[in-house]
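The block underneath contains the structure these notes are about, expressed in structure tokens.
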Amino acid sequence: MTAVASALRERVGGLLWFWSIGAFRRTLPWLFLAGLAVFILGPLLSLILWAFAGQWFYPALLPDEFSLKWWPVVFGNRSVVASIQNSLVTAPVVTLLSAVICLPAAYAFARFQFPGRRALLLSFLSANSFPKIGLYISIATLFYRLHLMTTYWGVVLIQLVGTLLFMIWIPAGTFRGINRSLEEAARDVGASGLRTFFQITLPIAMPGLLVAGLFAFLAAFDEAQGTLIVGSPNYITMPVMMYTLVLNYPQPVGAVFSILLTLPSLVLLLLAQRLLRQGYLAAGYTL
Amino acid sequence: MALVLPPFCLLVFVIVVPAAQAVLSTLRVEQDGHVVYSLARYAQILHTVSLYRSVAFTLLVTLASAAATFVLAYTLALYLRFSQGRVSTLLGALFILPLFIPTVIASFAMVTFLQNHGFVATLLHYVGVEEMPPLVFNAVGIVLTEVWASIPFATLVLLAGLQGIDDALIDSARDVGAGAVRTFRAVILPLNAVATIITLSLLFVGILGSFTIPYLVGGNAPQMMSVVMTNYFSNYLRPDVSVAMAALSFGIAALAGAAYVVGVSRRERGVV
Amino acid sequence: MADLRLVHLSKQFAAAAAVHDFSLDVSEGELMCLLGPSGCGKTTTLRMIGGFITPDAGDILIDGTSVLRQPPERRPTAMVFQRFNLWPHMTVTDNIAFGLRLRRLSPSTIERKVTETLALVGLPGAGGKWPHQLSGGEQQRVAVARALVLEPKILLLDEPFSNLDARLRVRMREELKILQRQVGITTVFVTHDQEEALTLADRIAVMNKGVVQQVDTPSALYRRPQALFVADFIGAMNFVQTQYSRARGAFVSGGVGVAASGNWTDGQAVTMAFRPEDVMFVEGDSGVPGQVRRVVNLGHYLEITVDCPGLGAIKVFADGQHPATDGQHLSVFFRRILLYADGTSVTEIETPRLSRLPPADALQNSASF
């Protein structure tokens, strides 16, 4: 520890007197940005390099040899490919189901005052705080009785539970942000409650709902613990596969698979750029 | 309202009932051939060195991660709220990135980044530093990774709270002569209290219960409770201890949650 | 074309009564204003008529039929809200046509009605625009168009102009009045602005704390407010607290007395009220002496504040012909007084007799002026 400390101190010490100069203070935000960039992007960058590394030995800054040789290894592995397929089949279904059962509830939370409203809202938060490992036995028993273990629907069910929070809180915030007059005006001209919801409320709320859907999808897609419990060994999704790859295979393999696993998230990130910038995300996090 | 029932029922069915069953089972202890309800198992846990060390370790790591994330996130939120310009735009795009990286990958990336002979070690080598203290497979690694993964969420909530503070309120503080620090303490901090409480309690609860990061980034001893739970279940085949630890972990989380409820309710009934 | 009857409407929120035993008759084609300060129950009443709030007691009759059981979508009422009327994700045409499409009218009929109504509110050709492309005033016009296109029996407006700036508000008021006369639709208009009510309404219902104070035409309300609250709320009014003195046969405040006849109790507290325009200046010593404290030039008239010992500060409206200067001594004289006392209805005195009373001395013959 002391070797690092003294070495760093030597280098930093010389810079300290810059503090008094305004120029330094003005560059401070840039330094902060740079530091944060290194912290956030660094690990990802190293991962990307590993995915394309043939050979990489310390202390080389870049891989000694760039190669794509690990990619066929990943794609050639049957269980890996199966896990990719499974992920792509469960996550969208989970998101849709989540929307169907949660959006009406979110609307109720936003518009109606009923006893126990806050308690219910919080229960969604607290239920997710119970460690899933602790539930293994009970869930396993329950799912065994219902013949859901290692099945598609069992995995869908357990992933669904993880998305409830996003699909209720963010839409509830969005619905609450829509002024009541807009809905009352629709009823005033003759639209029933249901029609008002579908033709007025939903279209106006759509950006916020899409953000919620985005997070629900990511939550379902990245869900590992519950799927590990319910799905293995027959039904494995990508995150669960990742555990195995990280622990049992050489680094580049894990790196390649990481890129594959991150791809849907990044694609959605690019698509949702506009929505996120409009502040729908932050709006959803208010209560 | 009937509309709320479907998701709630699902929750009860898949989480609440199993959890309740699990906790009940930990209270059932064999005594002289009879099955009795007692807290004996919990007493046993708190007497086992490795187990209570794990509890202490978990609390330490959770508090450290939550604190570090909070400070970093608040700084970010303040900067994003009150500055425009290139740095702001870039920071805005940057901090949100970890949100889209699955936890498994984040852990793996952190390991390759921080490990012996990893990326950081290589960079330090070029600066002339040869010996690097171990940054992974210990508390430091867990804290760094948890912070990495928690920044987006914390910053978003704090930023949302800050955006609710009208510029006029800040301007009037500066108008009567308050400097930046004073304005922060007297105006911003109190008005942003709700968001602060939400952030801190959700950070605490989230990190306390996280599994993937300690599993992949943590060391062999001491370990976070979630990893210990898994080991006791899968490897030592002692599910009873595993579930008792889970209940304990949930109990601690519930305390944080209670603090959250009390803090938020009191403020929402107040003026701001 | 319909009449509206509110019968003993009541609504209670939490601890306070928002509306208490409110009865009102609005005749066909009339523009009735509900006027009062915030919290007086006017919006609650309007929303009860529209069907958005269910009354705790009472009935609402349109054309003699009770509409109490009908939800908003079935009632023959149309409402224009204060804000957020237009649906942002639809064009102006779609906004207006929405209700028509629900009634399954043919596309050509819908198109014709939309065009006609847009012309009616003075926005021909705005059909293709989006709400965010319109100004505040234009948006409210489209909202009115959307309400009128359905040919409702009752038009309800909830402070529709309060979010617009002052000049626009005045213009919109005038246009609404003309439009309402033209279409002849029974209208209920809620506002907290008494000037707005006085300009627009055929009749005004003044409300305070959930209770109706007075229902009358604007001029009657202005000329003869029945209650102290109404006297204070409508227009500008001077108030002087007096006590009836039987010995003097007058209402007394400080050194000033107003001769009175009638059934008054000795020592009874009576509030004297008079309009600024009913105060005259007189020369020399006749009248009640005072000193000018402030002169405000409002363009077409002057508002002069006069300090009168015994009466307090009085506001006087005078034309520009007889300007007064700060500190000037003059005498004031009232043309018309209204008297308010607990338990009695308002009394009016035309050309009251004022006297200056000697300070707390034995009874003397005081000269009248």
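Once the range B:148-179 is narrowed to residues that are among the β-branched types (Val, Ile, Thr) and within 11 Å of another protein chain (Cβ to nearest Cβ), the residue that is nearest to the chain's Cα centre (by Cα) is B:Ile151. When the residues of the range A:126-135 are filtered to those that are surrounded by 22 or more Cβ atoms within 10 Å (Cβ to Cβ) and hydrophobic (A, V, I, L, M, F, W, C), the one that is nearest to B:Val14 (Cα to Cα) is A:Leu135. Taken over the range C:336-359, the residue count meeting the criterion of being farther than 16 Å from C:Val256 by Cβ and touching a strand residue (DSSP E or B) at 6+ places or on another chain (Cβ under 7 Å) is 8.
Any residue at all in the range C:127-148 that's surrounded by 19 or more Cβ atoms within 10 Å (Cβ to Cβ) and assigned to a loop (DSSP other than H, G, I, E, B)? No, the conditions are met nowhere in the range C:127-148. B:Gln115 satisfies every condition listed in (1) at the interface with chain A (Cβ under 8 Å from one of its Cβ atoms); (2) out of contact with any Phe, Trp or Tyr (no Cβ under 6 Å at 6 or more places or on another chain) except (1).
Please tell me if A:Leu121 is surrounded by fewer than 20 Cβ atoms within 10 Å (Cβ to Cβ) and more than 7 Å from chain B (Cβ to nearest Cβ). Don't jump to the end; show me each part of the working.
Details: surrounded by fewer than 20 Cβ atoms within 10 Å (Cβ to Cβ): yes; more than 7 Å from chain B (Cβ to nearest Cβ): yes.
Yes; evaluated as a whole, the condition is true for this residue.
Taking the range B:118-130 as the range and being more than 28 Å from B:Ala67 (Cα to Cα) and either at the interface with another protein chain (Cβ under 7 Å from one of its Cβ atoms) or among the hydroxyl-bearing types (Ser, Thr, Tyr) (or both) as the test, the residues that pass are B:Thr122, B:His125, B:Tyr126, B:Gly128, B:Val129. The lone criterion from (1) more than 30 Å from C:Leu118 (Cβ to Cβ); (2) free of Cβ contacts under 8 Å to residues at least 24 places away in the same chain; (3) not hydroxyl-bearing (Ser, Thr, Tyr) left unmet by C:Ile178 is number (1).
Can you find even one residue in the range A:149-158 that is out of contact with any Gly (no Cβ under 7 Å at 6 or more places or on another chain), outside any helix (DSSP H, G or I), more than 9 Å from every other protein chain (Cβ to nearest Cβ) and buried (at least 18 other Cβ atoms within 10 Å of the Cβ)? Checking the range A:149-158: at least one residue is out of contact with any Gly (no Cβ under 7 Å at 6 or more places or on another chain), outside any helix (DSSP H, G or I), more than 9 Å from every other protein chain (Cβ to nearest Cβ) and buried (at least 18 other Cβ atoms within 10 Å of the Cβ).
Scanning the range B:184-215 for residues that are part of a helix (DSSP H, G or I) and under 16 Å from B:Ala246 (Cα atoms) turns up B:Phe204, B:Val205, B:Gly206, B:Ile207, B:Leu208, B:Thr212, B:Pro214, B:Tyr215.
With respect to A:Leu247, is the statement that it is surrounded by fewer than 24 Cβ atoms within 10 Å (Cβ to Cβ) and touching a helix residue (DSSP H, G or I) at 6+ places or on another chain (Cβ under 9 Å) true? When the stated conditions are applied, A:Leu247 passes them.
Residues in the range B:164-178 that are free of Cβ contacts under 8 Å to residues at least 12 places away in the same chain and in a helix (DSSP H, G or I): B:Asp167, B:Ala168, B:Asp171, B:Ser172, B:Arg174, B:Asp175. Do we find that A:Gly42 is at the interface with chain B (Cβ under 9 Å from one of its Cβ atoms), more than 30 Å from A:Leu202 (Cα to Cα) and modelled with pLDDT of 85 or more in this structure? Against the criterion (at the interface with chain B (Cβ under 9 Å from one of its Cβ atoms), more than 30 Å from A:Leu202 (Cα to Cα) and modelled with pLDDT of 85 or more), A:Gly42 qualifies.
The helices (runs of 4 or more DSSP H) falling completely within the range B:1-105 that include 3 or more residues that are in contact (Cβ under 8 Å) with a residue 60 or more places away in the chain map to B:17-27, B:40-47, B:49-82.
Restricting to the range C:45-73, name every residue that is hydroxyl-bearing (Ser, Thr, Tyr) and either free of Cβ contacts under 8 Å to residues at least 60 places away in the same chain or surrounded by fewer than 21 Cβ atoms within 10 Å (Cβ to Cβ) (or both). Let's see the steps before the verdict.
First, pick out the residues of the range C:45-73 that are hydroxyl-bearing (Ser, Thr, Tyr): C:45, C:54, C:65-66.
Across the range C:45-73, the qualifying residues are C:Thr54, C:Thr65, C:Ser66.
Scanning the range B:6-63 for residues that are under 13 Å from B:Met245 (Cβ atoms), among the β-branched types (Val, Ile, Thr) and within 14 Å of another protein chain (Cβ to nearest Cβ) yields B:Val23, B:Thr26, B:Ile45, B:Val55, B:Thr58.
Of the numbered criteria (1) surrounded by fewer than 24 Cβ atoms within 10 Å (Cβ to Cβ); (2) facing chain B (nearest Cβ under 9 Å); (3) in contact with a Phe, Trp or Tyr (Cβ under 9 Å, 6 or more places away or on another chain); (4) among the polar types (S, T, N, Q), the one A:Ser138 fails is (3).
Rundown of residues vs (1) buried (at least 22 other Cβ atoms within 10 Å of the Cβ); (2) within 25 Å of B:Asn138 (Cβ to Cβ); (3) away from chain A (no Cβ under 11 Å); (4) of a type in the set (Gly, Ala, Ser), yes/no style:
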site	(1), (2), (3), (4)
B:Val181	no, no, yes, no
B:Arg185	no, no, yes, no
B:Leu191	no, no, yes, no
B:Ile197	no, no, no, no
B:Leu200	no, yes, yes, no
B:Leu208	yes, yes, no, no
B:Phe211	no, yes, no, no
B:Pro239	no, no, no, no
B:Ser242	yes, yes, no, yes
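Of all residues in the range C:22-71, none satisfies the criterion of being of a type in the set (Lys, Arg) and in contact with a Lys or Arg (Cβ under 8 Å, 6 or more places away or on another chain).
The values are calculated or read from the model by the stated rules, or taken from the named source; none is laboratory data. All of these numbers come straight from a predicted model, not from anything done at the bench. We place every Cβ from the backbone using ideal geometry, glycine too, and count neighbours over all the protein chains shown.
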